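Structure record follows, encoded as structure tokens.
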Amino acid sequence: MSVIERIKVHALVSIFWRSKARMLSAVNGFQATEADGVWHLLRGIEGADDPKVRATLFEHMIEEESHAEAFGQVCRAESVQAFAPTFYEREDIFPPDTPVWKLIAYVHVGEVDATARFGVLRDALPPGRLKEALKTIVADEEGHIDLTHSLLLELGATESEIRKTYRQVRLRRGWEGWLRSGKRVVNWVAVTLLSAVYFAMAPFFYRTARAKLRQHKVVYDNNRIKGAR
Amino acid sequence: MKVLGISYGYHDASATLVIDGQIVAAMAEERLTRQKHDAHFPTYAIRHCLAAGGIGTQDLDKVVFHEDPHTKFTRVITASLAPFPHSRREFVNSAKSWLGNKLWALNTLSARLDLEPEKITYVGHHFSHAAQAFMGSGFERSAILIVDAVGDWSSTALFTGEWVDGRPEIERVTEIAFPHSLGLVYSAITAYLGFRPNDSEATTMALAAFGTPRFADVFREIIVAEPDGTYTVDQRYFNFANFYKGAYTDALVERLGPARDSGAPLGLDCLNPDATLSEEEQRFADIAASIQCVLEERILGLCSVLHTAAQTENLCLAGGVAFNCVANQRILDDSAFTSLYIPPDPGDGGTSVGTALYTAAQAGDLTPTGLCHSAYLGKSFDEGPVLEMIEHVNPAHFRQYMKAGVDAAQNKTWKVERFDREDGFTELCAAVADRLMQGQLVGWFQGNFEMGPRALGNRSLLARPDDLDAARRLSTLVKNRAPYRPYAFSVTDADALALLDIPADQVRFHRWMQLAVPVRAEAADTVRAALHVDHTTRPQVCFAEDNPRYHAILSAFGDRYGKSVLLNTSFNPSGYPLVASPEEALVMFARTDLDVLVLGDALITKVRPD
């Protein structure tokens, strides 16, 4: 991980995560990412022909599920409110008939990134539940890096093919990261604009809204059946 | 006619495919994404529904969405403007979510299914619920009561339904508008009690049995009975229009006392009803009992209005509040209705069924009485690949990833025995029944998964119903389930009346675990581990024609035990939906203290190497 990335993580922990809510929101995101990984491995098992490969992915999936739970347990323990897990919209990484080794290569690159990020985070955190959870998780993820690479070799891919696939996956993940950054910018712009709309428009409409909410009965037919008849 | 019903956007996304008046498949997206109450676009549910029907999207005649996006958008924006100037965050988040996505749900459907817009339509949310309840009931004429948190604009809706000249006519009697909502009040109290709103309302209901309703008068002031039989909610106590501030206000805390932190201990135990409670624990149980009591009173008020309007003894019930099995039974006991139908999934997950059936009926594809559908409408799986995979799985590799408390040092390996699908099934049931008699915990995985949240014998965890140790092990080492949440049981129709204190003509109402009923005093010891502290349970009465394989294992156990009854709970770890695939079932078997897993015709057990 680059020096800039490390500085960013330390700043995150020491400044932004002073707010426990922000920290828990981030950990909930880690939980969701791990759970998403479990789901993709499940899809991989369903798509793999070789029972041995399925078995390896199955064992890998069990570890990832325990990681998701470890992050969930941190959230449960640190929050006074009931834990509500973050969910992501599930989407297959590759079309259904794609050979399973492509998914494994994708998982491998994800493990490399996760190990680096969680490792820096582990080092930056003060002692506590999250640091303890990360110690175990990072150790596991390091094992997964070797495991997924070995699995690709077992499936008959050559080192050069594997390296080429890793590069493609990194490009793709980079593009996905870029899109996420773009979404964050769009989100920030939307929040700013809609906040302006709120303060410009709401003073004229809030009384009408309050009157509307005082109505006890629905006074118009909201059950019209458009086109269904 | 081929109709696809769709629900998504708030919680419990689902899809239902109806071809020529028959439900081909109906499933919640959560089962296929492993995210409980998943609200996202039901990509995978749609995919599997279409696959089950052997068709593509271009073959569909209609796609019907379960709510009116424009009405709902108006309500959401109105609700976010009303608390001005304290609702900027609420407004921004609502506007962002709706303008960015939800308002264009019909366009999204058209684009993602690659269908011309003319094929996409919608029905109102509560109308979807009403259709879902009435269309499957088999009643020629019925009253229909829909109670949930909130739909397009209403929170409660009363309808009448009748088949006229082979077409269903569903007419509105009255609707109560948001923010007056029984469902939202119940969810807010669930949050107050430290549980997760929109998820753990059943926990509040379970807690109620430990308390006495000493706060009922407070709730009667909060949920005011109106002279016309409906109700209003005193909004000073809640933040329904501004929920980022929390579901309830300080005014509620002043009336009831401090709210419970989610991690605070709650030493209630269904299996140990004599445990001494602290003052605080008793207060929380009493608050749960009080909201439950007033909820039932207000629902009975609505039933009274509806009975007068509908002039029938039949009632169809749906909406999220219809998951409240205690209130459901109270309707049967204390209202003028004598016949009750609740669909297998009365919540939003079932609205896709209602929209699809109603649209098909409008085309003349349905008859009024031929519709009482099955609950086993989900996807089925081939267990073969998993059984091949098991040969290569080494449990020693993931021993350290067992659930907390499970004895990972037992060093067990797995043994797989396969039985012939037809001739060997009796032998398989006998082997499983023997193990159940010994107190072993069994994961039972068969065929298509269930529609709705209840395990009805295709994705079930089973145990001996009088074995308190097995039930405790199930709670702590398999399910991670709070001890104050009771288990229920499945019983064959032949033995139902010997255990349940219900009239014989009500046995058929209990097919899907929707009513809490008393157990006969003389039978209490037989099902001790599946009883609540008030000696009620939420039974499933299993008929052979509904689920022959499940009926067979119940009967095999009955041959040994004396009664064909088993403790039955959902096959899922806490926080997850019911398992869908055999791989998920195997993960749970691997990581927990489950002793036996039955995958179709295979028996998988944990054995010591020696």
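Each value in this text was obtained by applying a stated rule to the coordinates, not by laboratory testing. As the structure is a computational prediction, the values presented were derived from the model and not from experiment. Please note: Cβ atoms are built from the backbone with ideal geometry, for glycine as well, and neighbour counts cover all protein chains shown.
State the Kirkwood hydrodynamic radius of chain B in Å, one decimal place, computed from all pairs of distinct Cα atoms. Intermediate results must be reported in sequence, preceding the final value.
Numbers: mean 1/r = 0.0402 Å⁻¹.
The answer is 24.9 Å.
Under 13 Å from a point 7 Å along the Cα-to-Cβ line of residue B:334: which residues of the range B:292-322 have their amide N that close?
Those under the cut-off are B:292-304.
Once you have the Cα-Cα distance between residue B:574 and residue B:93, take 0.36 nm times their residue separation minus that, and quote the gain in nm to one decimal.
Details: separation 481, 0.36 × 481 = 173.16 nm, distance 2.95 nm.
My answer for the length gained is 170.2 nm.
Using alpha carbons only, what's the Rg to Rh ratio of the range B:17-90 with Rh from Kirkwood? Let's see the in-between values first.
Working: Rg = 17.6 Å, Rh = 15.2 Å.
Dividing the radius of gyration by the Kirkwood radius yields 1.16.
Given charges of +1 on the Cβ of Lys and Arg and -1 on the Cβ of Asp and Glu, with all other atoms neutral, how large is the dipole of the range A:71-229 about its Cα centre, in debye to the nearest 20? Present the calculation step by step, with values, prior to reporting the outcome.
Numbers: 25 positive and 18 negative charges, 319 e Å.
Dipole size: approximately 1540 debye.
If the chain between residue A:214 and residue A:142 were fully stretched, how many nm would it gain, using 0.36 nm times the residue separation less the Cα-Cα distance? Present the calculation step by step, with values, prior to reporting the outcome.
On the way: separation 72, 0.36 × 72 = 25.92 nm, distance 5.85 nm.
The span from residue A:214 to residue A:142 would gain 20.1 nm if fully extended.
Round to a whole angstrom and tell me the spacing of the C-alpha centers of the range A:71-148 and the range A:17-56.
6 Å
With the dipole of the range A:1-89 worked out from charges on the C-beta (+1 for Lys and Arg, -1 for Asp and Glu) around the Cα centre, which of A:77, A:29, A:13 lies farthest toward the positive end?
The residue sitting farthest along the positive end of the dipole is A:13.
Any idea what angle helix A:100-124 forms with the longest principal axis of chain A, computed on alpha-carbon atoms, 0 to 90 degrees, nearest 10?
The answer is roughly 70 degrees.
Residue B:412: which aspartates and glutamates have alpha carbons under 13 Å from its alpha carbon, excluding same-chain residues fewer than 8 sequence positions away?
Leaving aside aspartates and glutamates fewer than 8 places away in the same chain, those within reach of residue B:412 are B:593, B:595, B:610.
Given the alpha-carbon gyration tensor of the range A:1-90, what are the semi-axes of its equivalent ellipsoid in whole angstrom, ordered largest first, with each equal to the square root of 5 times an eigenvalue? Mind dumping the intermediate values first?
On the way: eigenvalues 184, 60, 20 Å².
The three semi-axes for the range A:1-90 are 30, 17, 10 Å.
Return the percentage of antiparallel bridges among DSSP beta bridges fully within the protein assembly as shown, rounded to the nearest 5 %. Walk me through the numbers on the way to the answer.
On the way: 59 of 80 bridges.
Around 75 percent of the beta bridges assigned by DSSP in the protein assembly as shown are antiparallel ones.
Could you tell me which residue out of B:446, A:169, B:394 lies farthest along the dipole of the protein assembly as shown toward its positive end? Charges go on the beta carbon: Lys and Arg +1, Asp and Glu -1, centred on the Cα centre.
A:169
7 Å from Cα along Cα→Cβ at both residue A:20 and residue B:404: what's the point-to-point distance in nm?
With each label point 7 Å from Cα toward Cβ, the separation is 1.7 nm.
Relative contact order for the range B:29-166: what percent, with Cα pairs under 8 Å and sequence separation of 6 or more?
Numbers: 139 pairs, mean separation 31.6, N = 138.
The value is 23 percent.
Relative contact order for chain B using alpha-carbon pairs under 8 Å, separation at least 6, rounded to a whole percent?
16 percent
Two decimals is fine: what is log10 I(q)/I(0) at q = 0.21 Å⁻¹ for the range A:46-179, from a Debye sum with one equal scatterer on every Cα and no solvent?
Once normalised to I(0) and log-transformed, intensities are -1.39.
With only alpha-carbon atoms in the gyration tensor, what are the semi-axes of the equivalent ellipsoid for the range B:163-224, in Å, largest first? Each step should come with its number before you reach the end.
Working: eigenvalues 204, 49, 32 Å².
Ellipsoid semi-axes (Å, largest first): 32, 16, 13.
Please report the antiparallel percentage of the DSSP beta bridges confined to the range B:476-593, to the nearest 5.
Details: 7 of 10 bridges.
If I count the DSSP bridges inside the range B:476-593, around 70 percent turn out antiparallel.
Mind checking the dipole of the range A:138-224: about its Cα centre, +1 per Lys or Arg Cβ, -1 per Asp or Glu Cβ, Debye to the nearest 20?
In debye, rounded to 20, the range A:138-224 gives about 1160.
So what's the back-of-envelope 222 nm ellipticity for chain B, counting only DSSP H runs of four-plus at -39500 (n - 2.57) apiece and dividing by all residues, rounded to 500? Working shown, then result.
Numbers: 19 runs with 206 residues, N = 610.
Computed ellipticity for chain B at 222 nm equals -10000 deg cm²/dmol.
Report, largest value first, the span of the C-alpha coordinates of chain A along each principal axis, in whole Å.
69, 56, 31
Under a crude label model (7 Å from the Cα following the beta-carbon direction), how far is residue B:225 from residue B:254 in nanometres?
2.7 nm
For a 31 Å ceiling on Cα separation, which of these pairs sit above it: A:20/B:479; A:164/B:36; B:245/B:379; A:102/B:102? Numbers along the way, then the final one.
Working: A:20/B:479 29 Å; A:164/B:36 38 Å; B:245/B:379 40 Å; A:102/B:102 34 Å.
Violating the 31 Å limit, Cα to Cα: A:164/B:36; B:245/B:379; A:102/B:102.
Can you say what percent of the DSSP beta bridges in chain B, counting only those with both residues inside, are antiparallel? Round to 5. Kindly include the intermediate steps, with their values, before the conclusion.
Numbers: 58 of 79 bridges.
Roughly 75 percent of the beta bridges in chain B run antiparallel, per DSSP.
Excluding same-chain residues fewer than 8 positions from residue A:183, which aspartates and glutamates have a Cα within less than 19 Å of its Cα?
Leaving aside aspartates and glutamates fewer than 8 places away in the same chain, those within reach of residue A:183 are A:89, A:91.
In the range B:492-610, with Lys and Arg counted as +1 and Asp and Glu as -1 at Cβ, which of these residues, B:572, B:553, B:509, has the Cα nearest the positive end of the dipole, that is, farthest along it?
Toward the positive end, the furthest listed residue is B:572.
Taking 2.2 N^0.38 Å as the expected size of a compact globular protein, what ratio does the Cα radius of gyration of the range B:356-484 give against it, to two decimals?
Numbers: Rg = 19.6 Å, N = 129, 2.2 N^0.38 = 13.9 Å.
Computed over Cα atoms of the range B:356-484, the ratio equals 1.41.
Using Stokes-Einstein with the Kirkwood hydrodynamic radius over Cα pairs, what translational diffusion coefficient do you get for the range B:450-533 at 25 °C and a viscosity of 0.890 mPa s, in µm²/s rounded to a whole number? Spell out each step's value before the answer.
Working: Rh = 13.8 Å.
Diffusion coefficient, whole number: 178 µm²/s.
Work out, in µm²/s and without decimals, the Stokes-Einstein translational diffusion coefficient of the range B:82-139 at 25 °C, 0.890 mPa s, Rh from Kirkwood over C-alpha pairs.
Values: Rh = 14.4 Å.
Here the translational diffusion coefficient equals 170 µm²/s.
Kirkwood Rh over Cα pairs of the protein assembly as shown into Stokes-Einstein at 4 °C, 1.567 mPa s: D in µm²/s? Walk me through the numbers before you get to the answer.
Numbers: Rh = 28.0 Å.
Approximately 46 µm²/s, per Stokes-Einstein.
For chain B, list the DSSP H helices whose alpha carbon atoms reach 20 Å or more along the long axis and whose average Kyte-Doolittle value is -0.5 or above? Write down the numbers at each step before the final one.
On the way: long enough: B:279-310 (46 Å, 0.34).
Correct list, ordered by number: B:279-310.
To the nearest 20 debye, what charge dipole does the protein assembly as shown have about its Cα centre, counting +1 at the Cβ of each Lys and Arg and -1 at the Cβ of each Asp and Glu?
Values: 87 positive and 105 negative charges, 648 e Å.
Charge dipole of the protein assembly as shown: 3120 debye, to the nearest 20.
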